[in-house]
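Quick notes on the structure that follows.
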Amino acid sequence: MAPSVAGKRNPFALHASTIARAHTYLAFAAFLSALAIGCALHYKKIVKNGVAGYPEEWFPSVSATIGDWYPERNIFQILIAINAGPRFALVALQYYLHRSATSSIPGFLFLVGLLRTLSCGGWVFITSSDDHDVHDVLMVSYIVLNLPWMFGSLAFTPANHTAARRRRRWTSIAFFGSLVPMIYFFIQHKVHRIPGAYTRYSFFEWSLILLDVMYDSSVELDLQAADLKMTVGNFVASSSEADKIADAPLSSSVSAPTPVAATTAVKSAGESTSQPNGKEATATKATATQSLYSCAQPTVSFVSDVYLSYMFWSVFTALTPTLFYFSIWQLGISGQELALLSSLSPLLLGIPPFKGWAYSREGRTTLHVLTLVGLASYLSSSPMTRLLLVSFANSAATVGATAVWFGGDDEGVAYQALVTGLGFLMTSLSKHANHSNNPIWPFVNENSGGCNKTGIALALLAILEFAYRPVQSQPVKPAKSAPTPAPQTHWFPGAIFLGSFIFSLHSLLGDPSTLIAWSWTGYPITGPIPSQHGSLTHLAQVLGLGLAAFLAGSASTSDVLAHPLYLALGSASAYVMYTYKDWTGYAGGLGVAAFLMSLVPTVWARARAAALDGGVAKTAAVAWLVVCFFDVASVFTVAYAFVPGGEYFRERTNWVLAAQFAGIGLAFRWPALGNGSVALTLSKRAQYTVQYALALLSALSLLATLYHIPTVVPTPHRPGPRIVRAGIWTVHFGIDNRGRDSQRLMRDLIKDMELDVVGLLETDLHRVTFGNRDLTRVIAEDLGFHVDIGPGPNQHTWGAVLLSKFPIINSTHHLLPSPDGELAPAIEAYLNMFGTPVKVIVSHNGQEETPLDRELQATELARIMAESYPDPVIFLGYVVTKPHAPRPAPYQIMVEDGKVFDIDDEDADRWCEYIFYRGLYRTSYARVSRGIVTDTEMQIGQFVVPPYKRTIRDDSRTARYLRSFKEWLPEDHWFPMEYYPELGGKNGHGYHVFNTPLYYKLPDEALGTPSDD
């Protein structure tokens, strides 16, 4: 018998805004109580860090406050645990307010909110004292998740909730604005180890906490405006009325002015409840599952499209490094360069049956699978096999890309162009996060930083999603069935500007540090640093592509960037980038990055219009032919001495750059060409999706920068006895003898030899032919070195790098006289070696075929060394001469005119690499075989630096050539034993020529601090 109405209790109603208020109070109470108690009980302990303590550091960080000491840690964690319930409830309530039948974004934000809450729980309960790396990863993940959470919540805040919108706006802007100074002071603390920097960092870290809590408090205003209540108890109304409330339709508009009210009924044990039958329950469950998938399906398809674009760019950018492996070994045209022509495969689209197949879903799926062959070629150990497979994959990739770009209808061109831009940005980001190597390139593997298996697995998932995509996502139709756009663009200019644009993206933005290399001038650093400021390049690209997505949302604004004035702006940025250095030059480069990325939809739309007018096959083929031409021309600006006709391109990067922009200029509205406006259409949903993707990629770029900030402080290996080990190595452009990236192999030998100063030659890889790479990343991050990357790619040299465990006081880049051959680079640097300034020179002189170049270069290097006489000097270089060769050969010029000594003039078996020195005690000299890393050995000289303002008393030949066994010297002077041939060597390396390092006796004054005269 049902209980009477009079016997029922009144229901309990709880305002949802009360939960939000409780969350705010508990969060503030947790953090502020920990700060107050920590300062009261353990002040000097929580302000101390690995660099300094009180009084240099006088304000604690969040991590030290909440995670190090009892009782503040325990009180904080108890309050946070209590606050977990309200926090999860707020995520659910916010989804309830924002959900919509026409958008899946609220569901995405709901997922982000859950992950954000879990990552918050992770970094507050796993403190830096428990596990520093896990704590940092979870905290950075929390900050990254705040990007979509904050901006997404702001976008879905109803327009009439002015107070909530205002609070979300200023707190989100302040939150992300605080990240910039916080990261700056973190670098000052972690990298430069400046006392007091962590205190300033802590202020901004605490501001993030307070701003984050303030942002979440704005949901209270939303809940108050919606008058949302939760009722627990018995209803006076009948069960049918309750059913009506439960079955009420969801509001489909997030901005409706009518408040949304909700009631939750909790039935008592004695109350009957109506249950649906089995069929209805099954149907309801199936409908809910189908509805959830249909909401998520567009996002899943978008992610698949972006990854397939990433796969295309990865295969395309892998082609030139894979084939130029052979050109490097031949030092000339080897024949494998014909693999570039694999990009001309869109010519096959001139065959109607093939074109129809390539435009079909089956055809595009097959082309994606064939492109995957290039990624899988990493399994082959043969460079030639990899080249053949990558060339084949590139042929399939360019056909598939042409079908995507030029097929379909007018409404899809903006979407496909933006997806192409996102895929390209993703390749650059993956390199930034992986030491300048794309992790799915076929010439890297698990031993050289590759994630090939993971990349292939994700590619297979993306291909499967594309193949089984629901019917409403129709395959791209042949271009002939699409309506021809109104403005007619001749196919040939369309091919020119598309090819110029693709090469410009590849050559300038293929790696975020390429533009920095263009502006680098050495020490003291007055510009951006490749390993720390690459994210700025990504942010410029994001701004450009985001602007394009925003303008594509309206037909009236979609073609505004095609105005010739915008070309003038981009050209001016390119001029600044080419002409100036340091921050000014890099600012021009950032302008070029934003300019190029903002043109992606415009260029693709106009190229499609040209293809529809003149034929897809010839338009695409000529465009890729233009790319091939620029690939070759950009190499000839440096390699002119080894190729026929190369002298006409000598040091003409300015001509190549001007030709690129002249070609791109054909994509703009010129009345004489008759190419009017092209209206682009992009749905609001696609706009939001692209913008969220750009925000995510920006956050990941910043996260990668923070993750790869070097934590190993550069410190000499033997400061006590004042020993310096200096090595010279020609590393063959970072490609080993098996055609794979050699960064980690180089690192291992440098680490084992415990080198303090390293000169690396043939290192300028910021070109399309070498993959736009930076081979110093792994070495500097893992071993701790100051890095001078030498003259940039716009200086037309093969490159020289200086790595130093000692502080670099200053450095100067030289372009040595080269009237006949290639420009020879040199780095002149002063290093602070145990308080003594020592000049170190790293140079790569000309080849045997240009004797005049070698004579002039040796004369200039001798002048540089002699001008600091009698101060200490170490020369590490590639000289190309026989020992004791008379003038005009370089040896006698450099030794006599430079006033230096040969490391061992009795070593007659040398030709390329030499070490000279002055003002130091030489204690050892070693020659280490090349292994599989390169085609040249490593030479190492070991020296003892005299105390500050002390000079060597006897530098006669007799004093310098008192040979010794290693056992006669302290063990600090010994080289590693495992590299002796009789012990088998290590990793293919071993002491050769002498089969042992050569050792030299030291005078007593070098073994200890000499007494005063």
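The values are calculated or read from the model by the stated rules, or taken from the named source; none is laboratory data. Bear in mind the structure is a predicted one, so any value in this text is a computation, not a measurement. Glycine also receives a Cβ, built like all others from the backbone with ideal geometry; neighbour counts cover every protein chain displayed. SASA here: full protein model, heavy atoms, side chains in, ligands and nucleic acids out. Shrake-Rupley method; radii C 1.70, N 1.55, O 1.52, S 1.80 Å.
Full extension from Thr711 to Glu647: what is 0.36 nm times the residue separation minus their Cα-Cα distance, to one decimal in nm?
Working: separation 64, 0.36 × 64 = 23.04 nm, distance 4.51 nm.
The Thr711-Glu647 span can extend by a further 18.5 nm.
Thr557 versus Asp820, label points 7 Å from Cα toward the beta carbon: distance in nm?
6.1
Can you give the FRET efficiency to the nearest 0.05 for Tyr43 and Arg21, using r as the Cβ-Cβ distance and R₀ = 30 Å?
Values: r = 32 Å, r/R0 = 1.06.
After rounding to 0.05, the efficiency reads 0.40.
Counting only protein heavy atoms and a 1.4 Å probe, tell me what percentage of the range 13-231's accessible area is made up of carbon and sulfur.
67
For Arg166 paired with Lys986, estimate the spin-label separation in nm (one decimal), with each label point 7 Å from Cα along the Cα-to-Cβ line.
Taking the two extended label points, one gets 6.7 nm.
Largest first, how would Thr322, Thr859, Thr711 line up by accessible area (1.4 Å probe)?
Thr711, Thr859, Thr322
Would you work out if the range 892-934 is rounded, prolate or oblate? Take a ≥ b ≥ c from the square roots of the eigenvalues of the alpha-carbon gyration tensor; rounded if a/c is under 1.5, else prolate when a/b is larger than b/c, oblate otherwise.
Since a/c reaches 1.5 and a/b is larger than b/c, the shape of the range 892-934 is classed as prolate.
Only bridges whose two residues both fall in the chain count here: according to DSSP, what percent of them are antiparallel, nearest 5?
Within the chain, antiparallel bridges account for around 85 percent of the total.
Relative to the first principal axis of the alpha-carbon coordinates of the chain, what is the inclination of helix 383-406, with its axis defined by its Cα atoms, in degrees from 0 to 90 and to the nearest 10?
The angle comes out near 40 degrees.
Pulled fully out, how much extra length does the chain show between Leu370 and Ile82, if you take 0.36 nm times their separation in residues and subtract their Cα-Cα distance?
98.2 nm
Students sometimes get this wrong: rank Tyr359, Tyr95, Tyr948 by accessible area, probe 1.4 Å, all chains present, largest first.
Highest to lowest solvent-accessible surface, that is Tyr948, Tyr95, Tyr359.
As an exercise, use a Förster radius of 45 Å and the Cβ-Cβ distance of Lys882 and Trp58 to find the FRET efficiency, rounded to the nearest 0.05.
With a Förster radius of 45 Å, E is 0.10.
Report D for the range 13-231 in µm² per second (integer): Stokes-Einstein, Kirkwood Rh on Cα pairs, 25 °C, 0.890 mPa s.
Diffusion coefficient, whole number: 135 µm²/s.
In whole Hz, with x marking every Gly and Pro, tabulate ³J(HN,Hα) for the range 868-877 from phi via Karplus 6.51 cos²θ - 1.76 cosθ + 1.60, θ = phi - 60°.
In residue order, the calculated couplings are 9, 4, x, 5, x, 9, 10, 10, 10, x Hz.
Per 10 Å bin, what is the whole-percent P(r) computed from every C-alpha pair distance within the chain?
2, 10, 17, 20, 18, 15, 10, 5, 2, 1, 0, 0
Between Ala662 and Ile809, what is 0.36 nm times their sequence separation minus the Cα-Cα distance? Round to one decimal in nm.
Gain in length upon complete extension: 48.7 nm.
Can you tell me the equivalent ellipsoid semi-axes for the range 723-1006? Use √(5λ) from the Cα gyration tensor, largest first, whole Å.
Numbers: eigenvalues 138, 108, 68 Å².
Square roots of five times the eigenvalues give 26, 23, 18 Å.
Nearest 0.05, what FRET efficiency do Tyr468 and Glu971 give at R0 = 60 Å with Cβ-Cβ as r?
Given R0 = 60 Å and the Cβ-Cβ separation, E is 0.35.
Any idea which of Leu760, Pro888, Leu920 is furthest toward the positive side of the dipole for the range 723-1006, if Lys and Arg beta-carbons carry +1 and Asp and Glu beta-carbons -1?
It is Leu920.
What size of dipole, in debye to the nearest 20, comes out for the range 13-231 about its Cα centre when the only charges are +1 on Lys and Arg C-beta atoms and -1 on Asp and Glu C-beta atoms?
440
Place a label point 7 angstrom from the Cα of Gln297 along the Cα-to-Cβ direction, then list the residues of the range 687-730 whose backbone nitrogen is under 20 Å away.
687, 689-690
Starting from the Cα gyration tensor of the range 872-1013, take the square roots of the eigenvalues, sort them a ≥ b ≥ c, and report rounded, prolate or oblate (rounded when a/c is under 1.5, otherwise prolate if a/b is larger than b/c, else oblate).
The shape class here is oblate.
Tell me the label-point distance for the pair Ala457, Arg963, using the 7 Å Cα-to-Cβ offset, in nm and rounded to one decimal.
Roughly 5.7 nm, to one decimal.
If you filter the range 833-909 for GluC sites (Glu not before Pro), then keep DSSP loop positions with at most 13 other Cβ within 10 Å, what is left?
Glu848, Glu849, Glu867, Glu906
Would you work out the relative contact order for the chain, in percent, from Cα pairs under 8 angstrom that are 6 or more residues apart? Mind showing how you got there, number by number?
Numbers: 1895 pairs, mean separation 91.4, N = 1013.
It rounds to 9 percent for the chain.
Could you state, as a whole-number percent, how many of the C-alpha pairs of the range 341-424 are farther apart than 16 Å?
Details: 1967 of 3486 pairs.
So the pairs more than 16 Å apart make up 56 percent of the total in the range 341-424.
Where nothing but the Cβ of Lys and Arg (+1) and of Asp and Glu (-1) is charged, how large is the charge dipole of the chain around its Cα centre, in debye to the nearest 20? Each step should come with its number before you reach the end.
On the way: 73 positive and 78 negative charges, 635 e Å.
Using Cβ point charges on Lys, Arg, Asp and Glu, the chain gives about 3060 debye.
Quick one: helix 684-707 against the long Cα principal axis of the chain, what's the angle to the nearest 10°, folded into 0 to 90?
40
Among Ala92, Phe994, Phe806, pick out the residue whose Cα is farthest towards the positive end of the charge dipole of the chain, where Lys and Arg carry +1 and Asp and Glu carry -1 on C-beta, about the Cα centre.
Of the options given, the answer is Ala92.
If you keep only loop residues by DSSP, which chymotrypsin sites (Phe, Trp or Tyr not before Pro) in the range 878-945 have at most 16 other Cβ atoms within 10 Å of their Cβ?
In loop regions of the range 878-945 (DSSP not H, G, I, E or B), the sparsely surrounded chymotrypsin sites (Phe, Trp or Tyr not before Pro) are Trp911.
Using +1 at the C-beta of Lys and Arg and -1 at the C-beta of Asp and Glu, which of Leu228, Gly196, Gly941 has the Cα lying farthest in the positive direction of the dipole of the chain?
Final value for the positive-end residue is Leu228.
What value, in deg cm²/dmol to 500, does the helix sum -39500 (n - 2.57) over DSSP H runs of n ≥ 4 give at 222 nm once divided by the residues of the chain?
Counting only the DSSP helices, I get -17000 deg cm²/dmol.
What size of dipole, in debye to the nearest 20, comes out for the range 110-172 about its Cα centre when the only charges are +1 on Lys and Arg C-beta atoms and -1 on Asp and Glu C-beta atoms?
On the way: 6 positive and 4 negative charges, 150 e Å.
Charge dipole of the range 110-172: 720 debye, to the nearest 20.
Taking the Cα atoms only, what angle lies between the long axis of helix 851-866 and the longest principal axis of the chain, rounded to 10 degrees?
90
Of all the accessible heavy-atom surface of the range 842-959, with the other protein chains kept in place and a 1.4 Å probe, what percent is carbon and sulfur?
Using a 1.4 Å probe with all protein chains present, the range 842-959 comes out at 50 percent carbon and sulfur.
So, in Å, what gap is there between the alpha-carbon centers of the range 834-889 and the range 502-531?
If we compute the Cα centre of each part, the gap is 28 Å.
If you count only protein heavy atoms and use a 1.4 Å probe, how large is the accessible surface of Leu969, to the nearest 10 Å²?
20
Tell me the per residue accessible area of the range 798-880 using a 1.4 Å probe; a whole number in Å² is fine.
Accessible surface, normalised per residue, equals 30 Å².
Take the residue pairs Lys966/Lys986; Lys751/Lys986; Lys229/Lys684; Lys751/Lys899; Lys805/Lys839 and return only those whose Cα atoms are more than 23 Å apart.
As for pairs spanning more than 23 Å Cα to Cα, those are Lys229/Lys684; Lys751/Lys899.
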